[in-house]
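The values are calculated or read from the model by the stated rules, or taken from the named source; none is laboratory data. Just so it is clear, the structure is predicted and the values come from calculations on it, not from any experiment. Note that we place each Cβ from the backbone using ideal geometry, even for glycine, and neighbour counts take in every protein chain shown. Just the protein is used for accessible areas: all its heavy atoms, side chains included, with ligands, DNA and RNA removed. Shrake-Rupley method; radii C 1.70, N 1.55, O 1.52, S 1.80 Å.
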Amino acid sequence: MFENKPELTLEEAKKALDLAAEQVERNLAEFTDNCQNHSSVHLKYPKCNNDQWTCGFWPGEVWLAYEHTGKAVFKKAALHMVDSFDYRIRNKIAVDHHDMGFLYTPSCVAAYKLTKDEKAKEAAILAADQLLARFQPKGGFLQAWGSMGEAGNYRYIIDCLLNLPLLYWASEVTGEEKYKETAHKHITTCLKYSVREDGSTYHTFLMDMESGAPIRGETCQGYKDDSFWARGQAWGVYGTAISYTYTKNPEYLDTFRRTAAFYLKRLPDDLVPYWDMIFTEGDEPRDSSSASIVACGFLEAAKYLPKEEAGQYRRLAAQMLKSLVDHYAVTDFEKSNGLVLHGTYAKKSPYNTCTPEGVDECVSWGDYFYMEALTRFVKEWEMYW
């Protein structure tokens, strides 16, 4: 598949990381004491308070820039940001949802892994405790959002596969089994109901609050309930790869293969998906962030696959990254303060319930996973997740 597509070279990857780190350094003046909005507006990120589910990705970019360059300015800024995340979790500011991993893994787990900062470790463990509080025993899942036990919100979403690594990590550093046991219960439910027979995924899945039985799959941000929201499919690919890393459960690697195969079948010619993979051609917006997420998943899974299969996934990641670097990366810093163009946060359709925003813009997780994928490409990397 895609045998004739060009692959990113090591030198090209290093140059792309150089450019990304340069942009991150330019942004420190504006975003060291402020968070970066979830998506750009006319290609420029506004400032925001530390109260969005996406605020952890910008510190993750700063840590990746520190790893790439060794510059003390990045380390100093990222450790300063830890204070804000510590304050947020201790004061329970906008944490009544499941996205503790997205918030605290790239910001505080990364800080602890790279510097052994104790405040970062404590904040991340508190975030893991907050995530445990979302667990619903009836059905065996982490409730995504809304007040606990509300019938309309008695659901989980595919995105949570990237919150589970916070729980695996918390078990490792505390020695307490409860974190990884909860992660296991959630992913068991998720893979049972959210992954369709053909390897595609539902965005959200509702459960019966009385019996815990499955009700139905729906979308909030995809085109419609039975379509294939690109970012949700990407979370399925990368999330199963990471869970295999922690557990070595062969079921997770099998599901990685299935979700990856479906993703690959729905790609357009330049290997960057449309925002929903029901579209394979035409003028619909792309979602460049999904390509970066999947590239990360391919490079992670390749560590554990047979040699020939691993080589295929590394080649695919190199081809995806080549397309992103050549055609999607920001190269004009006056035009945008982001890293990657043509991301999509939430596009309204006749069938979904989302608030439209961040369409054909830079998106904070897209910038972060782009840098992560490049970092994985150029060196053996200890992942933050």
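Brief remarks on what is shown
- Alpha-carbon radius of gyration plus Dmax, which is the widest Cα pair, for the chain in Å: 19.1, 56
- Pair-distance profile P(r), taking every C-alpha pair of the stretch 272-325, with 10 angstrom steps and integer %: 26, 43, 26, 5
- Treating each Cα of the stretch 1-137 as an identical point scatterer and summing with the Debye formula, the log10 of I(q)/I(0) at q = 0.09, 0.16 Å⁻¹ comes to -0.31, -0.83.
- Calculated accessible area for the stretch 151-299 comes out at 33 Å² per residue, all protein chains present (probe 1.4 Å; ligands, DNA, RNA ignored).
- Inter-site label distance for Ala29 and Thr9 at 7 Å from Cα along Cβ, in nm: 3.5 nm
- Highest-fluctuation residue, Lys322, Lys15, Lys307 considered, GNM on the chain with Cα pairs under 10 Å: Lys307
- Separation in nanometres of the label points that stand 7 Å from Cα toward Cβ, at Asp225 and Lys335: 4.1 nm
- Label-to-label distance for Asp283 and Glu181 is 5.6 nm, based on points extended 7 Å past Cα in the beta-carbon direction.
- In a simple Cβ point-charge model (Lys, Arg +1; Asp, Glu -1; nothing else charged), the chain has a dipole of about 580 debye relative to its Cα centre.
- Percentage relative contact order, the chain, counting C-alpha pairs under 8 Å, at least six apart: 19 percent
- Accessible surface ranking that places the most exposed of Ile215, Ile187, Ile93 first, with a 1.4 angstrom probe: Ile215, Ile93, Ile187
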